[in-house]
Amino acid sequence: MYRIAIGEISHETNTFCPPTTLEMFRQRVWCKGSALLKQFRGTRTYLGGMIESAERLGVELVPTFAASAEPWGTITREAYDAMVRELLEGLRGAMPLDAICLGLHGAGVAEGIDDLESAVLEAVRGAVGARVPIAATLDLHGNIAPRMAELARGLFGVHEYPHVDAYERGQEAMAFLLRVLRGEIQPAMAVEVLPLLIPASPSRLEPASSINDVCHRWEREPGMIDCAFMHGFSQTDIPEMGVAVIAVAEHDRSLAQRAARAVAREIWTRREEFQKTFPAPADAVAEAKRLADSGGPVVINEISDNPGGGAPGDGTHLLRAMLDAGLTDSAFGTLYDPGAADAAHKAGVGATIKVRVGGKFDRMHGDPLDLEVYVKCLTDGRFRLSTAMGRGQEVDLGKMARLVCRGVDIVVASGRTQVLDPQPFVLHGIDVSRCRVVGLKSSAHFRAGFDGIVKHIVGTDPPGLSTSTLKNFPYRRVRRPIYPLDRGATYRGTPA
Ligand SMILES: [Zn+2]
């Protein structure tokens, strides 16, 4: 029986935000040993997939340590050191090990460490030696340095955005390690990096959809294992950021290189199609109203204030436009505002209160709204995710409240998060399938939970820290030239 350790250190770092602290990880995911199995077994997550696969394939599973936090700024050195210490302690205590399977993100940045994932892999290598095979799952928003492919035997990025296949990638990484251990494969990887930044690009929409088709065609070639289009994370201002392709072959490095380059060439050809523009909030609301007249619900997603991309989640651009539009039977959520949630809890259900809502992080995301609201419902903010992306995972947003104001039911929360599915609304008695217009903060992940419910989706992209308008970011460190910051950037492919 093979002995395989699992663990996770995962963060999507938006370097334009204030620092991500140790406390932020401890509040979100921070668990050791058997607690890791308890938290992730049966959930549709990377670790959930690894656990299922290991238990089904008869692996002796050794849980070590898992930590993640909501996307935010550069990770403090204290937090980084604490996470690596915990992971290495877990691994050292579990040795001898046959293999290691890690959940990484790819877009992690810590103080003094641009490439968190390579640093973590190097630290793990230092602890377990050069021979123990390591596989890792990745978020497709990872910025991938070729160095990672030297430190790990296999890297498995999700193919879908929303990331509905995290569980399957976890299973795949574990099954891959078993094939390596049994000597069935001697895997070879290729990483092809493009001089390209793209904004949030859902994989069911063009052009990402047909790029994925090309990846899947390569995966069906004999001798190939995996081929992943890594979108990169454009809010991480480091030299090695942007789009990349990772290809994993059973034995043949040149096959992996051919696949990675062919997909990269296709992405480069389609580069202009990724750059999209969206209506301003007032125009998006007018469009949603018009669409709702012939049958709702219509979702308006506020791309630029997505906590899942490092934005504060308390921006008021879209909410203000919805309140000004004279909507009826509509909802908005979730707005991060612990103060407003607390005021509602103090006043109690049935009270009408004057409260200042949102706009507390900065002015860029919109001014605070001074509202008179009716407190319809109060909750503890605890629920479980319900869609293929993360189903079963517990969420705790602290005190929450449903506040009714001018035809819009506003769901406020004490925790920052993007809306992944209708559960934050369900928790407060709101049936989104019966709403005319639903405003929410998310770039694309909400699609996994709303696609079957809503009739139309309208995006809006006012100023914010997760905007799709990349030229608005004050980039300093990204390598240049890079498209679309430099329209004349060229890509010829890595020479063979
Ligand atoms: Zn992602």
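Data for the structure
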item: Hits in region 309-327 (condition: assigned to a loop (DSSP other than H, G, I, E, B) and of a type outside the set (A, V, I, L, M)); result: G310, P312, G313, D314, G315, T316, G326
item: Residue, nearest to S433 (Cα to Cα), within region 292-308, restricted to residues that are in a helix (DSSP H, G or I) and over 29 Å from the mean Cα position of the chain (by Cα); result: A292
item: Flag if A311 is open to solvent by 60 Å² or more (accessible area, probe 1.4 Å), touching a helix residue (DSSP H, G or I) at 6+ places or on another chain (Cβ under 6 Å) and modelled with pLDDT of 95 or more; result: no
item: First in region 157-179 and free of Cβ contacts under 8 Å to residues at least 60 places away in the same chain, second anywhere and within 15 Å of the ligand (Cβ to nearest atom) and part of a helix (DSSP H, G or I), Cβ under 6 Å, 6 or more apart; result: none
item: Answer residue from region 1-14, given it is open to solvent by 10 Å² or more (accessible area, probe 1.4 Å) and within 16 Å of the ligand (Cβ to nearest atom) and is farthest from the chain's Cα centre (by Cα) among those; result: E8
item: Filter result (within 16 Å of the ligand (Cβ to nearest atom) and β-branched (V, I, T)) within region 21-31; result: V29
item: Among the candidates A130, A145, residue that is buried (at least 19 other Cβ atoms within 10 Å of the Cβ), at pLDDT below 95 and more than 16 Å from the ligand (Cβ to nearest atom); result: A145
item: Checklist (1) open to solvent by 20 Å² or more (accessible area, probe 1.4 Å); (2) within 15 Å of the ligand (Cβ to nearest atom); (3) among the charged types (D, E, K, R) applied to D114, failing item; result: (2)
item: Criterion: part of a loop (DSSP other than H, G, I, E, B), modelled with pLDDT of 95 or more, among the hydrophobic types (A, V, I, L, M, F, W, C) and buried (at least 24 other Cβ atoms within 10 Å of the Cβ) - qualifying residue of L97, L140; result: L140
item: Per-region count, region 57-85, residues under 21 Å from P19 (Cβ atoms) and not small (G, A, S); result: 13
item: Residue within region 267-279 that is out of contact with any His (no Cβ under 7 Å at 6 or more places or on another chain), open to solvent by less than 10 Å² (accessible area, probe 1.4 Å), within 16 Å of the ligand (Cβ to nearest atom) and closer than 20 Å to A200 by Cα present; result: yes
item: Single residue of region 191-231 satisfying the filter (of a type outside the set (A, V, I, L, M, F, W, C) and buried (at least 24 other Cβ atoms within 10 Å of the Cβ)) that is nearest to T13 (Cα to Cα); result: H231
item: Residue selected from region 30-71 under the condition of a type in the set (D, E, K, R) and under 26 Å from Y161 (Cα atoms), by the criterion nearest to the chain's Cα centre (by Cα); result: E70
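The values are calculated or read from the model by the stated rules, or taken from the named source; none is laboratory data. Everything numeric here is computed off the predicted structure, so don't read it as measured data. Ideal geometry is used to build each Cβ from the backbone, glycine not excepted, and the neighbour counts take in all protein chains shown. Note: accessible area is taken over every heavy atom of the protein model, side chains too, but ligands, DNA and RNA are not part of it. Shrake-Rupley method; radii C 1.70, N 1.55, O 1.52, S 1.80 Å.
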